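These notes are about the structure you will find just below.
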Amino acid sequence: MFERILLAVDGSAHALRAARVAGDLARAMNSKIVRIVVAYEGIPAYLGEPNLQFAIESRLKDAQEILQKAEETVGKTPAEIHTELIEGSPAEAIIEVARTRDSHVIVIGSRGMGTLTGLVLGSTSQKVVSHAPCPVLIVR
Ligand SMILES: Nc1ncnc2c1ncn2[C@@H]1O[C@H](COP(=O)(O)OP(=O)(O)OP(=O)(O)O)[C@@H](O)[C@H]1O
Ligand SMILES: [Mg+2]
């Protein structure tokens, strides 16, 4: 069970808690793959060069750092760690990866980097739990 785990991270403390749980789950289940996904917003081409290039590079660098931190937090597991960096809407990206990679469970935080406090679930976790092709583990 849960051979292939999809962990979605956005650089928030919530997502790091999700990363810890994903690591524990992978160890407990002797999982084969933990796939860590970060989605980043596309950058409008009207920015023009050289700003466009600069913006793309800085987004990619931020995303790489988020992935690296998440990987460290998952810790040592019997699973292979795969990372994916995807441009687009986070919920759609997460659902698409879960579908194409045939993930057995999606692990996400209840909230993320959003600033609207008071909500129980952020919009990404709400959409993912509504449309996911597999079980979703929402970490508070
Ligand atoms: N860009 C992203 N890439 C990958 N995973 C993400 C991304 N954004 C959010 N997530 C995942 O979804 C979880 C919940 O984040 P969500 O975006 O729903 O909450 P929020 O940021 O507080 O609210 P909102 O984005 O609606 O303002 C995060 O902890 C993370 O696991
Ligand atoms: Mg968010």
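For the chain, the longest principal axis of the Cα atoms and the long axis of helix 90-100 meet at an angle of about 50 degrees. Within region 13-27, find all residues whose amide N lies under 17 Å from a label point positioned 7 Å from the Cα of Ser123 along Cα-to-beta-carbon. Output list for this probe position: empty. Annotation note: GluC sites (Glu not before Pro) in region 1-88 located in DSSP loop regions with a Cβ neighbour count of at most 13 within 10 Å are Glu41. The angle separating the long axis of helix 13-29 from the principal Cα axis of greatest extent in the chain is about 30 degrees.
Ranking of Arg4, Arg99 by neighbouring Cβ atoms within 10 Å, starting from the fewest: Arg99, Arg4.
Comparing mean-square fluctuations of Gln68, Gln53, Gln126 from a GNM of the chain with C-alpha springs under 10 Å, the top value falls on Gln53. Axis angle, to the nearest 10 degrees, between helix 51-74 and the longest C-alpha principal axis of the chain: 20 degrees.
Pairwise alpha-carbon distances in region 83-122 exceed 17 Å for 40% of all pairs. Only the Cβ atoms of Lys and Arg (+1) and of Asp and Glu (-1) were treated as charged; on that basis the dipole of region 25-140 about its Cα centre amounts to roughly 580 debye. Estimated at 0.36 nm per residue, the fully extended path between Leu137 and Glu57 surpasses their Cα-Cα distance by 25.6 nm.
When both region 35-84 and region 1-27 are represented by their alpha-carbon centers, they are found 16 Å apart.
None of the figures in this text is laboratory data; all of them are computed from the coordinates on show. Bear in mind the structure is a predicted one, so any value in this text is a computation, not a measurement. Positions of Cβ are backbone-derived with ideal geometry, glycine not excepted, and every protein chain shown enters the neighbour counts.
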